[in-house]
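Structure first, then comments.
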Amino acid sequence: MSSGTKFVSVGFQTLLYKETLRFWKVATQTVAAPILTAMLYLLIFGHVLEGRVEVYPGVSYTAFLIPGLVMMSVLQNAFANSSSSLIQSKITGNLVFILLPPLSHWEIISAYVLASVVRGLTVGAGVFVTTAWFADLSFVAPLWIAVFALLGAAILGTMGVIAGIWAEKFDQLAAFQNFLIMPATFLSGVFYSIHSLPPFWQAVSHFNPFFYMIDGFRHGFFGQSDMSPWTSLAVVSAFFAILATIAVNLLKRGYNLRH
Amino acid sequence: MTAAIQITNVEKSYKSLKALGGVSLTIAEGEFFGLLGPNGAGKTTLISTIAGLIRPDSGSVAIHGHDVVTDFRAARKMLGVVPQELVFDPFFTVRETLRLQSGYFGLKNNDKWIDEVMENLDLTGKADVNMRALSGGMKRRVLVAQALVHKPPVIVLDEPTAGVDVELRQGLWKFISRLNREGHTVVLTTHYLEEAQAMCQRVAMLRAGKVVALDTMSALIRRISGSQLIVHLASGTLPASLRHLVAHDALEDHEYNGKPESHTYSLRVNDYAEVEQILAKLRESGAVIGEMQLQQADLEDIFLQIMDGGSL
């Protein structure tokens, strides 16, 4: 942040408030709908696989699935918040209201990412509250739950900023979402442990940063995971640092924003 | 005194198109400055460069001494821009929109000024209405209000009255004139040349990305040799000695106030003394004047002359 700038400036607070208010005003679409979707996943997959699959000893499949669904909702909604806000503002032209004021690139990215975290965690909490009734869940390490939820939401919020800056039309953003975010999320172990995969796909999964987010998050519930939570934390933190650097750099250069 | 806006040799190209070809301008503090030119002349590109929305290939722009790229925070605090496009955020009401815009400029608890701006732009009754529900003219007013929420010393209006009714125009110009009198610098682009002539003290005309005229309004109008004496002859014809003064071909091709075209002439005059000489020659030739009108050159004449490739 540039010198002489308060860390929590009024500009940053206002943009954060605006981005939060924006999704809250359409909460049926941005909060209630993803909670319902996660419930449907739980009902269908839980019903079909309960009793047939035991991923961790002593943990039912439904109990295993719930943290995965919570984290998937956190990630997808965090991405949706920043990416949809940016692309809508770019296409309708009202992004000019953000570009004209004296907001630094740090303030802009922090506000967009933090608002994404707020939405991701709001939806995640909603999914948890509505699904936790279906299984006995434990909270072995709540700090890991909080750390991975926050980092996961921040990462996807940052990816949303990058996608929103890069995309020039909804079609391009949909491609980013459908061909990158969605497969990476589904193939990250939301519905299964990677130990149940053939060796090749197990190896491939290790290159998927989303796997570490969900695996670390799940560790907080059960104290069991495919990887050590410290390894997951290192991978996830490094991934966040790389994405944040890219996003800040794009904003600083004015890529696709200031011509 | 530091210039309100200092534009130094700004160049900007889009592939093979040179949008700005070395524009330099100094706009003094407190000026009401007009930026005129046809579509595609580079006005909006120049304004976007001033606003930091476009980065120049070379050259620099400073607002009150603050470079818009290297010292963008200070520069943007000084600047309020009304964009040409009718853009709005459909999630918010008018008041929310103005509070958010205040916050982006670091202002909390700005409701007193927001209320005053809304009052002056006749938006008070729409304060709690969602932006989507506003008419085009009302949305334009909100755009103006957004540019003014932080009381910027420099106000840039990019065609602020395009497509809006007379009431808004009058209200807007009254409010902007007041701000100008209070010391705010105003830069205006408009296609309504009579607006520019009425409001601006100084004008720059752009053609193909270059400044082709820059002067005070009165000096520009004085410099054009183009006041016209329009005469309709009740009888007789224009003597040969006056034929070289016929200025306006159009009048020879059309009727003037319903009179036959062959008896109506538009004669170029440079000063009032020439009018008497023309009348004397008409009397000598036996022609009788039915109607007569002296038309002063206006900004439109100057604009057309310059855009046709002429110089002043």
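The values are calculated or read from the model by the stated rules, or taken from the named source; none is laboratory data. All values reported here derive from a predicted model rather than from experimental measurement. Cβ placement follows ideal geometry from the backbone for every residue including glycine, while neighbour counts extend to all protein chains displayed.
Out of all the residues in region A:188-210, which are in contact (Cβ under 8 Å) with a residue 24 or more places away in the chain and under 20 Å from A:Ser73 (Cα atoms)?
Across region A:188-210, the qualifying residues are A:Ser188, A:Gly189, A:Val190, A:Phe191, A:Tyr192, A:Ser193, A:Ile194, A:Asn208, A:Pro209, A:Phe210.
Go through (1) surrounded by fewer than 22 Cβ atoms within 10 Å (Cβ to Cβ); (2) over 25 Å from the mean Cα position of the chain (by Cα); (3) within 14 Å of chain A (Cβ to nearest Cβ) one by one and return the number of the condition B:Glu85 breaks.
(2)
Could you tell me whether A:Leu150 is at pLDDT 95 or above and farther than 30 Å from B:Asp67 by Cα?
So A:Leu150 passes the test.
For region A:180-200, give me each residue that is assigned to a helix (DSSP H, G or I) and of a type in the set (Val, Ile, Thr).
Matches in region A:180-200: A:Ile181, A:Thr185, A:Ile194.
Picking from A:Ala111, A:Ala33, A:Ala80, which residue would you name as being within 27 Å of B:Leu100 (Cβ to Cβ) and within 14 Å of chain B (Cβ to nearest Cβ)?
A:Ala111
Being in a loop (DSSP other than H, G, I, E, B) and either in contact with a strand residue (DSSP E or B) (Cβ under 6 Å, 6 or more places away or on another chain) or among the aliphatic types (A, V, I, L, M) (or both) is the filter here; which residues of region A:206-235 pass it?
A:Met227
Check off (1) at pLDDT 90 or above; (2) of a type in the set (Phe, Trp, Tyr); (3) surrounded by fewer than 20 Cβ atoms within 10 Å (Cβ to Cβ) for A:Phe221 and give me the number that stays unchecked.
(3)
Across region B:195-208, which residue is farthest from B:Arg169 (Cα to Cα) among those that are surrounded by fewer than 22 Cβ atoms within 10 Å (Cβ to Cβ) and in contact with an Asp or Glu (Cβ under 8 Å, 6 or more places away or on another chain)?
B:Arg202
Taking the conditions exactly as written (in contact (Cβ under 8 Å) with a residue 12 or more places away in the chain and more than 8 Å from chain A (Cβ to nearest Cβ)), does B:Lys112 satisfy them or not?
no
Among A:Ala241, A:Ala163, A:Ala203, A:Ala175, which is the only one that is part of a helix (DSSP H, G or I) and surrounded by 15 or more Cβ atoms within 10 Å (Cβ to Cβ)?
Testing whether each residue is part of a helix (DSSP H, G or I) and surrounded by 15 or more Cβ atoms within 10 Å (Cβ to Cβ) leaves just A:Ala163.
Does A:Leu137 count as surrounded by fewer than 22 Cβ atoms within 10 Å (Cβ to Cβ), in contact (Cβ under 8 Å) with a residue 60 or more places away in the chain, in a helix (DSSP H, G or I) and touching a Phe, Trp or Tyr at 6+ places or on another chain (Cβ under 8 Å)?
no
Here's a check for you: in region A:226-259, which residue that is β-branched (Val, Ile, Thr) and without any contact (Cβ under 8 Å) to a residue 12 or more places away in the chain is nearest to A:Val140 (Cα to Cα)?
A:Ile242
Just give me the residues in region B:76-103 being among the aliphatic types (A, V, I, L, M) and assigned to a strand (DSSP E or B), in sequence order.
B:Leu79, B:Val81, B:Val82
Mind counting the residues in region B:58-69 that are out of contact with any helix residue (DSSP H, G or I) (no Cβ under 6 Å at 6 or more places or on another chain) and within 11 Å of another protein chain (Cβ to nearest Cβ)?
Of the residues in region B:58-69, 1 are out of contact with any helix residue (DSSP H, G or I) (no Cβ under 6 Å at 6 or more places or on another chain) and within 11 Å of another protein chain (Cβ to nearest Cβ).
Would you mind telling me which numbered condition in (1) crowded, with 17+ Cβ neighbours inside 10 Å; (2) under 23 Å from B:Leu168 (Cα atoms); (3) touching a residue at least 40 places away in the same chain (Cβ under 8 Å) B:Lys77 fails?
With (1) crowded, with 17+ Cβ neighbours inside 10 Å; (2) under 23 Å from B:Leu168 (Cα atoms); (3) touching a residue at least 40 places away in the same chain (Cβ under 8 Å) applied to B:Lys77, the lone miss is (2).
Looking at (1) assigned to a strand (DSSP E or B); (2) within 12 Å of chain A (Cβ to nearest Cβ); (3) surrounded by fewer than 24 Cβ atoms within 10 Å (Cβ to Cβ), which is the one condition that is false for B:Glu11?
Looking at each condition in turn, B:Glu11 falls short on (2).
Return the residues of region B:17-41 that are within 14 Å of chain A (Cβ to nearest Cβ) and surrounded by 16 or more Cβ atoms within 10 Å (Cβ to Cβ); say none if nothing qualifies.
B:Ala19, B:Leu20
Is it the case, given these coordinates, that B:Val117 is in a helix (DSSP H, G or I), away from chain A (no Cβ under 14 Å) and in contact with a helix residue (DSSP H, G or I) (Cβ under 7 Å, 6 or more places away or on another chain)?
Considered against the rule, which asks whether it is in a helix (DSSP H, G or I), away from chain A (no Cβ under 14 Å) and in contact with a helix residue (DSSP H, G or I) (Cβ under 7 Å, 6 or more places away or on another chain), B:Val117 comes out as yes.
Check region A:6-26 and report whether any residue there is within 11 Å of chain B (Cβ to nearest Cβ) and modelled with pLDDT under 90.
yes
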